[in-house]
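The values are calculated or read from the model by the stated rules, or taken from the named source; none is laboratory data. No experiment lies behind these values; they were computed from the predicted model shown. For neighbour counting, all protein chains shown are included, and Cβ atoms are generated from backbone atoms with ideal geometry for every residue, glycine included. Remember, those area values only see protein heavy atoms, side chains included, never the ligands or the DNA or RNA. Shrake-Rupley method; radii C 1.70, N 1.55, O 1.52, S 1.80 Å.
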Amino acid sequence: SSDSGAATNLHSVLNHHLQTWKRRDRANVARFHYADILADLPAEMRRLAAILGIEIDEERFPAQVAAARFDAMKARAAAALPEGDLATMWTDTAEFFKSARRGAWEGLLSAERLAEYDRLVLEAVGPDLGRWIHEGTNQRL
């Protein structure tokens, strides 16, 4: 059934998060959360540059931040999205960039399904990682 497929996909995604969470203190592991990127893109770009050992050109940085913003990527969706096999994951480049807001999924699940989802997440990854998955690093962690 589609429910078992959804549960398998959820388990796979949560397992991926769990495996990287267990390794988050390693120098070669960096986790970024969409909420943190939306909250402070320049800071997250600086963090990425520091992790990769890339020196930031302060004169070019404002333009780089502007180009990395959601609305700028949406405006050039055809050029911003991967080509080849990955392109088959969506049929419309504009649809890929449909929303840049957190919680766009809200209202899609009934209260019962949402409670089941919350239970599955808690059982699979625990409360700390569960909070990170839903809120990012700049929220309560």
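Can you tell me which residue among 86, 14 is open to solvent by less than 100 Å² (accessible area, probe 1.4 Å) and at pLDDT 90 or above? Spell out the reasoning first.
Numbers: 86 fails: at pLDDT 90 or above.
The conditions single out 14.
Which pairs do you get when a residue that is on the phi > 0 side of the Ramachandran plot, found in region 26-43, comes within reach of a residue that is exposed (fewer than 13 other Cβ atoms within 10 Å of the Cβ) and modelled with pLDDT under 90, reach meaning Cβ atoms under 6 angstrom, with the pair 6+ apart or on two chains?
none
Can you name the residue in region 115-129 that is loosely packed, with under 14 Cβ neighbours inside 10 Å and hydrophobic (A, V, I, L, M, F, W, C) and, of all such residues, is nearest to residue 13 (Cα to Cα)? Can you show your working first?
If we filter region 115-129 for residues that are loosely packed, with under 14 Cβ neighbours inside 10 Å, which is where we start, we get 115, 118-119, 122-123, 126-128.
If we keep only those that are hydrophobic (A, V, I, L, M, F, W, C) too, we end up with 115, 122.
Values: 115: 18, 122: 13 Å.
By that ranking, first place goes to 122.
Looking only at region 71-83, decide whether some residue is modelled with pLDDT of 85 or more, farther than 30 Å from residue 124 by Cα and not charged (D, E, K, R).
Yes; the residues of region 71-83 include at least one that is modelled with pLDDT of 85 or more, farther than 30 Å from residue 124 by Cα and not charged (D, E, K, R).
Would you be able to say whether some residue in region 29-36 is under 19 Å from the mean Cα position of the chain (by Cα) and open to solvent by 80 Å² or more (accessible area, probe 1.4 Å)? Before the answer, list the steps.
First pass over region 29-36, keeping only residues under 19 Å from the mean Cα position of the chain (by Cα): 29-36.
Still in the running and open to solvent by 80 Å² or more (accessible area, probe 1.4 Å): 34.
Yes, the conditions are met somewhere in region 29-36.
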